[in-house]
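S.K.: Following this message is one structure expressed as structure tokens.
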Amino acid sequence: MAKIINLSNKKYKICFIVGTLTCGGTERQLYNYLKSLIPTEFSPYVLCLTKGDYWEEKIVKLGFPIIHTGSKKFVLYKLFKLFINIRRINPDIIYSTHFFVNAYAGLIGRILNIPIIGSVRSDFFSEIDALNFLYKKFAVRYPSVLIANSKKAIENIKHLYNNLDIRLVNNFVDNNKFYFVPKKESNRFIILTVGRLTHEKRHDRFINIIKSIINSVGNQYHIVGVIAGSGRINENLELKLKEQAKKLGLGDNNLKFLGSVDDIENVYRNSDLLLLSSKFEGSPNCVLEAMASGLPVISTKVGSIPEIIKHGESGFVIDPYDEDEFVSYILNIIHNKELKNKLGISGQSIIEKNFLAKNFNDNMKQILIDILPK
């Protein structure tokens, strides 16, 4: 039996090593977690490899100054800067929020004899494909414990690696921010997708599906597709996607690009359905936020989606390459308001039972207790 630690006797220092603070799901979860740590016995420090990103100002406003450690491109320089700052902070735990940063955290933690939490944020295979052999070894083997936000990622890790401490920690939703608000009756039907304008999100499929829906309903409904999200510094498909929409004859009255959105909760409330057409995922925040907001969700069968959505009860899970099936289910929801309401209510119930802050914090606290020196 693990020794019980009375955490209230000490303010434990957690040093977060962050790869980026751009407008992404991992970064949103970090912000939510930092916010929940404010009144607790844990004192967070944030070290980031980038500067001036979307979430930086918001985290600073929480009261957590950010230490920038990645002004140079050289890996050894970043490693040195991280090492110097972590040794100065002398934390009780190092927490890597991005998979590729696990290597930095793992190596420094081993040298300084500090417990390390590493993260797997996607399906694992898509993450290790981008790393060389040494990075893979350090990122997977060196953390004291790996946390994943989907059972699929854990399954994939165990397929390649043995004897690792891997824990499932689901993402969570702030239900004070994301909740259901009834919409006025209208013939306007808004289909939303949320995600970076990068290749893995497959917004090109979303655009094709919107065109097919418009062709199917004719003048009976005014269909509007909405894309909320921006690209990365090294990949931004906005111009390519807008060119695709133009070729399909989709104007601003049928397809809107919102970019990064601060009040995303209002975008959900003004929408009728969330459509996710990603090639791969971990545990996408947009699915949880949409369900908390009472929207039915139709998504590709990737990552943790089949764990979150009960097919036919709280949404529909589709083969990633079957655009026709997407169209069929969307039309079913458009023409069946009773089904739309049923899916929305079921989704809200799933969120309330499994994906609120208390579940996340309880899991994380147990992990911290397990790896802190006894």
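S.K.: State whether the residues of the stretch 329-348 include one that is more than 21 Å from ILE223 (Cα to Cα), free of Cβ contacts under 8 Å to residues at least 60 places away in the same chain, outside the structural domain of PHE125 (by TED's automatic domain parsing) and within 20 Å of the chain's Cα centre (by Cα).
M.R.: yes
S.K.: Taking only the stretch 259-286 into account, find how many residues are more than 24 Å from ASN187 (Cα to Cα) and under 14 Å from the mean Cα position of the chain (by Cα).
M.R.: The number of residues fulfilling the criteria is 8.
S.K.: Just to be sure before I move on: is LEU112 farther than 24 Å from GLY229 by Cα, surrounded by fewer than 17 Cβ atoms within 10 Å (Cβ to Cβ) and modelled with pLDDT of 95 or more in the structure I sent?
M.R.: Yes.
S.K.: It is to be established whether one or more residues within the stretch 320-328 are closer than 17 Å to LEU192 by Cβ and buried (at least 17 other Cβ atoms within 10 Å of the Cβ).
M.R.: Yes, the conditions are met somewhere in the stretch 320-328.
S.K.: Restricting attention to the stretch 32-55, report how many residues are surrounded by 18 or more Cβ atoms within 10 Å (Cβ to Cβ) and in contact with a His (Cβ under 9 Å, 6 or more places away or on another chain).
M.R.: Going through the stretch 32-55 one residue at a time, the tally reaches 3.
S.K.: Against the condition crowded, with 20+ Cβ neighbours inside 10 Å, at negative phi and assigned to a strand (DSSP E or B), how does LEU197 come out, does it pass?
M.R.: In short, no.
S.K.: Also, I was wondering about something else. Hand me the list of strands (runs of 3 or more DSSP E) wholly inside the stretch 66-130 holding 3 or more residues that are assigned by TED's automatic domain parsing to the domain that holds LYS51 and within 13 Å of LEU49 (Cβ to Cβ).
M.R.: So the answer is 66-68.
S.K.: Return the residues of the stretch 131-165 that are assigned to a loop (DSSP other than H, G, I, E, B), touching a residue at least 60 places away in the same chain (Cβ under 8 Å) and not hydroxyl-bearing (Ser, Thr, Tyr); say none if nothing qualifies.
M.R.: ASN149
S.K.: Moving on to the next point. From the list PHE178, PHE172, which one is touching a residue at least 24 places away in the same chain (Cβ under 8 Å), within 18 Å of SER299 (Cβ to Cβ), of a type in the set (Phe, Trp, Tyr) and in contact with a Phe, Trp or Tyr (Cβ under 8 Å, 6 or more places away or on another chain)?
M.R.: PHE178
S.K.: Moving on. For the stretch 229-242, which positions are surrounded by 11 or more Cβ atoms within 10 Å (Cβ to Cβ), modelled with pLDDT of 95 or more and either over 15 Å from ARG202 (Cβ atoms) or of a type in the set (Lys, Arg) (or both)?
M.R.: LYS240, LYS242
S.K.: Being farther than 15 Å from SER278 by Cα, part of a loop (DSSP other than H, G, I, E, B) and under 20 Å from the mean Cα position of the chain (by Cα) is the filter here, so list the residues in the stretch 310-325 that pass it.
M.R.: Hits for the stretch 310-325 are LYS310, SER314.
S.K.: Sticking with this one: Please determine, by comparing only the residues of the stretch 166-188 that are out of contact with any Leu (no Cβ under 6 Å at 6 or more places or on another chain) and outside any loop (DSSP other than H, G, I, E, B), which one is farthest from GLU307 (Cα to Cα).
M.R.: ARG188
S.K.: Got a number for residues in the stretch 13-25 being crowded, with 18+ Cβ neighbours inside 10 Å and under 15 Å from ILE117 (Cα atoms)?
M.R.: Matching residues across the stretch 13-25 total 6.
S.K.: Now, a different point. Please go through the stretch 102-139 and give me each residue that is among the aliphatic types (A, V, I, L, M) and under 19 Å from MET364 (Cα atoms), ordered by number.
M.R.: ALA105, ILE114, ILE116, ILE117, VAL120
The values are calculated or read from the model by the stated rules, or taken from the named source; none is laboratory data. Since this is a predicted model, take the numbers as computed values, not measurements. Because the Cβ atoms are built from the backbone with ideal geometry, glycine has one as well, and the counts that use them run over all protein chains shown.
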